[in-house]
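Heads up, the thing below is written out as structure tokens.
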């Protein structure tokens, strides 16, 4: 059951791409916070597109555990 007071499930806006993300899934990098989509894009670019997200590399609305808490 979803705990409505769980701040990690709070929805925030990525300052880089303006998309929605869970607060608990934001990633710190070089003094900035990025959503998983931005992070995966950066990882692909840094690896010259040799790395690609797998089926378990989730983006919003799925949380890092693979569950969609957005509409819960």
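Where a number appears in this text, it was derived from the coordinates with a stated rule and is not lab data. This is a predicted model, so every value here is computed, not measured. Don't worry about glycine lacking a Cβ; one is built from the backbone with ideal geometry, like all the others, and counts go over all protein chains shown.
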Counting only residues that are over 22 Å from residue 72 (Cα atoms) and in contact with a helix residue (DSSP H, G or I) (Cβ under 7 Å, 6 or more places away or on another chain), which one in the range 4-28 is surrounded by the fewest Cβ atoms within 10 Å (Cβ to Cβ)?
17
Give me the pairs: first residue in the range 42-68 and free of Cβ contacts under 8 Å to residues at least 12 places away in the same chain and at positive phi, second residue in a loop (DSSP other than H, G, I, E, B) and surrounded by 13 or more Cβ atoms within 10 Å (Cβ to Cβ), beta-carbon distance under 7 Å, and six or more apart or on different chains, which are they?
66/58
Hey, among the residues in the range 1-16 that are part of a loop (DSSP other than H, G, I, E, B) and under 13 Å from the mean Cα position of the chain (by Cα), which one's nearest to residue 71 (Cα to Cα)?
10
Does the range 17-48 hold any residues that are under 12 Å from the mean Cα position of the chain (by Cα), outside any helix (DSSP H, G or I) and over 21 Å from residue 68 (Cβ atoms), and which are they?
28, 33
